[in-house]
Structure formats: structure tokens, C-alpha cells
1. Is it true that L161 is buried (at least 23 other Cβ atoms within 10 Å of the Cβ), farther than 30 Å from Q423 by Cβ and modelled with pLDDT of 95 or more?
2. For the structure I just gave you, tell me whether K173 is of a type outside the set (D, E), out of contact with any Ser or Thr (no Cβ under 9 Å at 6 or more places or on another chain) and crowded, with 22+ Cβ neighbours inside 10 Å.
3. What number of residues within region 402-426 satisfy the criterion of being basic (K, R) and under 16 Å from F453 (Cα atoms)?
4. Looking at I498, is it in a helix (DSSP H, G or I) and touching a Cys at 6+ places or on another chain (Cβ under 6 Å)?
5. Can you list the strands (runs of 3 or more DSSP E) lying wholly within region 354-439 that have 2 or more residues being open to solvent by 20 Å² or more (accessible area, probe 1.4 Å)?
6. With the checklist (1) under 28 Å from G339 (Cβ atoms); (2) over 20 Å from the mean Cα position of the chain (by Cα) in hand, flag the one item Y212 doesn't pass.
7. For region 440-488, which residues satisfy the criterion of being part of a loop (DSSP other than H, G, I, E, B), among the small types (G, A, S) and surrounded by 22 or more Cβ atoms within 10 Å (Cβ to Cβ)?
8. Looking at region 314-339, which of its residues are within 22 Å of S507 (Cα to Cα) and not in a helix (DSSP H, G or I)?
Amino acid sequence: MQSAIWRAGVRQLAPNVRATSTTVTTAAAASVSRLQLKVHKQSQTDVLCRLRKSCVSIAQLAQKSTRAADNNKQLCRHTHTHTHPSIHASGRAVSVAQYSRYSASTIMNSYCKELDLMDYDIIGFDLDGTLLRYNLQEMTPLIYNVLKVYLVEQKGYSPALLTKKLDMDFLQKGLMLDGPRGNVLKLSNEAVILRASHGTRLLSDDEIVAAYGAARRWDVATAFYNDPLSTWNGPAATQMRTLLDYFDMPSALVFAQAVDIVDKDSGPNGRPKEYNVWRDLLDGLMHNYSRDNFKNDQSLYFKAMRAEPQRYVLPSSSKLRTWLQQLRATGKKVFLLTGSNIDFADLTATQALGPDWQQQFDYIVTYAKKPGFFTMQRPFMRVDDVAKCELPATELSLQAELKPGDVYSQGNWHQLHQSMAKQLNKDISAARALYFGDNIIQDIYTPVKHRDFDTVAIAEELFLMEQKDYPYRAVLASKFWDSYFISGNTPTLWSGFIANYAQICVSSMEQMAQTSPTERLVCNNVNGFYPALPKQLECSNLTTCWHGGGV
């Protein structure tokens, strides 16, 4: 998969228009030329702001030529290579032969990302946080409380931990735990520490520098930034944790409050040189979500979910269910790929999508063990759909073809991709795939970086800017940490990953269902936030070096 280069500022205004078709209108081309002349006269800060604000008008001009270009769209899709200007690392324009995944008319794609589901043959979905949403006002306290109980009852922490109150303002998805120091970190898009706390106490700039140096960097965090999968297991996993979803998010406060108690019990001069809280909490998370504990009531989390799924899982709209049916009707192969075991997946999907949820997909893979599913050659196992468990001794060979309609467990992407391509009567290299997910590393970064398909990021935090009456504002809007997307004028690590690896980023699948699957979605910004860049990011230094968009 070849990557197209995306840059902000002056470099974005080099002649990098992919489409050379004569269907592009003269007016649109003239508009781009005028924009180039104006931007070259501005400072880089002005360029960033002007470029993002100009994308709307450019998109509007270009869309005028879309109808004519659609007549040539099939021809363009069969044209595998063409030469277009790109940008060398030195900043000079070079000519690169590359497959264009865009239709000839979309001139704005040099400036704005788009999504056309009809460009893909295979479309997949994560379940938790993607096809289904949770009532965060209910689920967050549940996870927070069961983790505290585990630390007290199983790890011997002071019962004083149970008296601590849930401070929603301390919570945020995407924080990183520095286990040995007992600190919670918020990172920039270049892995610089923007904010930090020791326990629940916010650290001053001087304290951050004293702990991490003038560069405000932690070597483990830098290693994660350079290669997230290098820290997924092994020694680094015992030192740090990135809280990538709403299942992990309450861990930050439990960790911080436990550190506070350890400090208090140790006295002013007896703080440990290295904290063990994270290792104990990791055991609690593993216990909490272990599939072995779903039926035996050993996990208080699963016990509560089984007792009242309607309390924690939000029902999906009929519009979303209809949208999935319309998507399949276009001839796409549609698959569900979830890390949940079949029993928990059935509980939550039934609550969200209805008892016939399995009929919405051609293929279903549970307990997928992402991100390893995309990088390893783990065999598939058959699932007993009645008993809701893996069938023992049913490992498939790595050459076996998966059957549509069956439910599988574990497995690997190559084999799933190959099976769907065969159903489509296509070579695996020609069967283009797209995946929707909310976990930025498991669902967005890994499929694009390590495999051969595009992704759409789901970030419910966008609701904070889109809906004034968003019901979970108290859970996600943190004054303590600032926005999920930015702190001050500096984008976060996750804004950077979204811009670099997601085709686009939307607030929810419900938002996707507002338009027909056959309708092209055009962002008004190069970073892929749909429909618009969060206002806080408009004049930030967020830049994009797009890694996807190829075949």
C-alpha cells in the first residue's frame, strides 16, 4: 500500500492535485491558483488557519464538477497508475506514479479528506464503542467501583480507597499511566508531556521538568509514539498503560487515588521509589474483563452487565440498522470483528441491535485479540452459537476458507480477507477493505500501518462540539486535562494519530447513518475530522502525513 503525503502549511499548497481529468471545472482550478498565491504571502500560522477555513469553499467549488465526473468514475477506478506531483522530504515537488483512490473530480482531495464507501469491496466494524454505544453515566461508575473493590479485597489496599469519590472531571480517554512514578500523563502529538499529575494532584511545569527533563519526555512514552505495538506487551506493559477506550478510562482515577493512599500511608519522607499500583490495577483489569469470568460471577463488572444490560448499553437506532442493510444491498461483504467473547458480544449486541443482530453481517469474528489479529497468523476456531463458546479442538488450518454466516473466534486478518475476496470472485490484492473502530491503536493505527486497508475513527468526544445537549458531557468534558483533542494550542497524541491514520473521524455510527451508504462524505479539512475540524484545532500546529488511502 502506497501512502499519499499530506502536509499542512505552505507545503500543502504545492501542486499536489491528484485529479487531472478535464472534468475539473475552470472555476475550481482558478480558485486553487488564487488560494496558492494568497497563502504564499502569509506567515505559516496564517497558512494553517486560512487553509483549513478555505477547504469549505474549495469543496463547494469542486463538488459542482462531481456530477460530470461521476460518469467517468468507473473508468478512473480501472486506471491503476498516473503521474502527479508530490512532495519530497526536502520540500521540492517530485513526480510520483501512484494509484489514485479518488474519483477524477474531487479536486479538494489535495486539501480535504473524503470517504466513499463505494470505493471498497469489504467493510468491517468493531462492536463496543462503534456499532454500539454505552451509557457512560452508568458504565463509568460501575467500572470505577469494581476496580476499587478488587484492589481492596484482592490486593490488600486500605479500605479508605472505597471511601474515595468518583471525580468525573479527572477522567479522560487517552491518558497514559506512568506506573513506576505514580503519575498520569497527557501527551502531545509528538509525545511531549502537556500535563501530568502525581496521584490526583496536578503537577506544575517545574515539577514536570524535574521528573522528565527539560524536553518533557518519558522514554517509554516516546517508544509508544514511535511504535505503539512495541510497548503492547513485554516490560513496557508493566510500566505504562494508555487508556484507549471507555473500558479503560476509569482506571486513571482508581490508579491516582490509590497512589494518594500509598503516599499518605508512607508518610512525608517514605514515598516508594517505585510504585506497584499499576501492576495491581492491571491484574484487576484482566480479572474484570477475562472471558472466563463472564458466566461464573467472579467479575463484578460482568455480573452487573448480565443483570441489567439495558442500564448500560444504548439501543441503536432503527436508522442505523437500516443503513447496515442498505450497505449489504450494495454488494459489499460486511463483517463484524470484536475483541469481546461471543457470550458478552451476544449480550451487548442483542441489546443494541436486536436479537437478529448476526443477520446484519456476512462474517462474524469474536475474541479477535486485536491488534494481534492484524499482525499475527493465529488460527480461527469455530464457535458454538447456542452455547456461546468456542468449540474445543476446532482450530482451522491457516489455508481453510471461512464460511459466510458462521461465527468464529480468534483468527487473523489475512485469512478473513482471503475468504471474503474469494466470495467476491476477486484476487485478494484487489478486494479493498475499510474498517470502523473507536480504539485508535487497535482499530485505526494497526490496520493502516501493518496491513492493507483504510479505517474510519469513531470519537464520541466530537459530540461535545456538535451537541449542546450531549448527555455525557460531565463524563467526557474535563477541565482538569483540557480537550481530548488539544491542550492549549497543542494537539494531543490522539489528534495526531487520527489525522495520520484515519480516512475520516466521526462522532458515531449514528452520524454515518444520517446519509446513504452510496453518498460520498467530504471533510472540510485535511485532517479528516467530519464534517468539520474541531474549532479548537483550527489554528493549532496539527499537521498530517497521511499513511492510508492506497491499495
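The values are calculated or read from the model by the stated rules, or taken from the named source; none is laboratory data. A quick note: this is a predicted structure, and the numbers were derived from the prediction, not measured. Here Cβ is always computed from backbone atoms with ideal geometry, including for glycine, and neighbour counts include all displayed protein chains. With ligands, DNA and RNA removed, areas are computed over all heavy atoms of the protein, side chains included. Shrake-Rupley method; radii C 1.70, N 1.55, O 1.52, S 1.80 Å.
1. no
2. Yes: the conditions hold for K173.
3. 1
4. In short, yes.
5. The qualifying strands (runs of 3 or more DSSP E) are 380-384, 389-395.
6. In the conditions (1) under 28 Å from G339 (Cβ atoms); (2) over 20 Å from the mean Cα position of the chain (by Cα), Y212 misses (1) alone.
7. A459
8. L314, P315, S316, S317, V334, F335, L336, L337, T338, G339, listed by residue number.
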